Amino acid sequence: MNINHSGGELNRNEQVNQIIYFIKNKNDYANAAKVMISSNFSIQALKEKTIKLSQFELAKLADSIIESKKK
């Protein structure tokens, strides 16, 4: 999945914001996982970039990433 914004790829901050949006506003861990995978973003890198996600949300995101990689 290639997430585009105004014809270009999202930068890291935009990716973080999109991941947070999917989780906090949409409760959509599957699409958040797709952004993580497509941008080669690690849970640790995400955790370092934001304090907006709880440990529980990060764990659910990790589960979604694992599930999507099984497919």
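The values are calculated or read from the model by the stated rules, or taken from the named source; none is laboratory data. The model shown is predicted, which means the values in this text are computed figures rather than measured ones. Here the Cβ positions follow ideal geometry from the backbone for every residue, glycine too, while neighbour counts run over all protein chains shown.
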- Please identify the pairs in which a residue from the range 47-71 that is under 12 Å from Ile23 (Cα atoms) and without any contact (Cβ under 8 Å) to a residue 40 or more places away in the chain has its Cβ atom under 6 Å from the Cβ atom of a residue that is aliphatic (A, V, I, L, M) and surrounded by 15 or more Cβ atoms within 10 Å (Cβ to Cβ), counting only partners at least 6 apart or on another chain. Lys52/Ile20; Glu57/Ile23; Ser64/Ala33
- Could you look through the range 43-71, keep only residues that are among the basic types (Lys, Arg) and part of a helix (DSSP H, G or I), and pick out the one that is farthest from Glu14 (Cα to Cα)? Lys70
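Just to be sure, is Ala59 under 9 Å from the mean Cα position of the chain (by Cα) and among the small types (Gly, Ala, Ser)?
Details: under 9 Å from the mean Cα position of the chain (by Cα): no; among the small types (Gly, Ala, Ser): yes.
So Ala59 fails the test.
Residues checked against (1) surrounded by fewer than 17 Cβ atoms within 10 Å (Cβ to Cβ); (2) part of a loop (DSSP other than H, G, I, E, B); (3) at pLDDT below 90:
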site: Glu14; (1), (2), (3): yes, no, no
site: Asn17; (1), (2), (3): yes, no, no
site: Ala32; (1), (2), (3): no, no, no
site: Phe41; (1), (2), (3): no, yes, no
- Message: Out of everything in the range 19-30 that is of a type outside the set (A, V, I, L, M, F, W, C) and part of a helix (DSSP H, G or I), what residue ends up being surrounded by the most Cβ atoms within 10 Å (Cβ to Cβ)?
- Response: Tyr29
- Task: Of the conditions (1) at pLDDT 95 or above; (2) surrounded by 13 or more Cβ atoms within 10 Å (Cβ to Cβ); (3) of a type outside the set (Lys, Arg), Ser68 clears all except one; give me its number.
- Result: (1)
